[in-house]
Amino acid sequence: MTETALRDLAEDRAARLDEAGAFWTGKIAADTANAKLTFKVAGEGTGPVATRVTAGKHEFSVDEPAGLAGEDTAASPVEYALGALASCQVVVYRLYAHQLGIRFDEISIDAEGDLDVQGLFGADESVRPGFSAVRLSVNISGPESQERYEELRRTVDAHCPVLDLFANPTPVSVEVFKK
């Protein structure tokens, strides 16, 4: 990407962040109930273990590799979870970099999660079925010092919604309905 294109992208991003910030500041000032959002998705089983997920006007597939009974036609649920974490981090890094006046040129985030399938398959009830550890590697290029990027990391860690889902228990209720 050319320097002009990067500058245009940065200016567009800044304008969008300012616009979104002003919008939400106004909505919340008018009524704090406006800050409470509900997100919805629907999943329908397809293939041996795949799922077609609808999220608003978007649709995507989720599957498992052959070793977990899938056809490997799409990323697995845990890969989507890691992708959700990495992508949320990118958004929140951009948001808070803008708010804090911390400049960076590029950002990429690698996410890894360790999962022991003994928990998934019930082979050992003492093993949790989810990730036992998750690691993020945030790669930022830009003119700021390492200390400024660490300040940004601490702020992002405190405000990233998907990181919060991974780091803290969230109440979940499940109901089964017979059709």
Checklist entry - Using 15 Å as the cut-off for backbone N distance, which residues of region 15-48 belong to the label zone defined by a point 7 Å from the Cα of A55 along Cα→Cβ? => result 38-44
Next on the checklist: Just to confirm my numbers, what's the Cα centroid distance between region 151-166 and region 128-142 in Å?
Outcome noted: 12 Å
Checklist outcome for this item: Of V156, V172, ordered by accessible area with the largest first and a 1.4 Å probe, the sequence is V172, V156
Item to check | Sequence ranges 80-87, 45-52, ranked by mean other-Cβ count within 10 angstrom, highest first | outcome: 80-87, 45-52
Next on the checklist: Is there a quick way to get the dipole size of region 1-78? I mean about its Cα centre, with the Cβ of Lys and Arg at +1 and of Asp and Glu at -1; what is the value in debye to the nearest 20?
Outcome noted: 400 debye
Checklist entry - How far apart, in nm, are the 7 Å Cα→Cβ label points at A167 and E3? => result 3.8 nm
Checklist entry - With +1 on each Lys and Arg Cβ and -1 on each Asp and Glu Cβ, how big is the dipole of the chain about its Cα centre, in debye rounded to the nearest 20? => result 740 debye
Item to check | Value of [θ]222 nm, deg cm²/dmol, for the chain, DSSP H segments ≥ 4, -39500 (n - 2.57) each, nearest 500 | outcome: -14000 deg cm²/dmol
Item to check | Portion, in percent, of the accessible area of region 1-84 that falls on carbon or sulfur, probe 1.4 Å | outcome: 57 percent
Checklist entry - Averaged per residue, what accessible area in Å² does the chain show with a 1.4 Å probe, protein chains only? => result 72 Å²
Checklist entry - For the chain, with the dipole built from +1 on Lys and Arg beta-carbon atoms and -1 on Asp and Glu ones, taken about the Cα centre, which of L165, A22, A84 lies farthest toward the positive end? => result A22
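The values are calculated or read from the model by the stated rules, or taken from the named source; none is laboratory data. Computed from a predicted model, the values in this text were never measured in an experiment. So basically every Cβ, Gly included, is an ideal-geometry build from the backbone, and we count neighbours across all protein chains shown. With ligands, DNA and RNA removed, areas are computed over all heavy atoms of the protein, side chains included. Shrake-Rupley method; radii C 1.70, N 1.55, O 1.52, S 1.80 Å.
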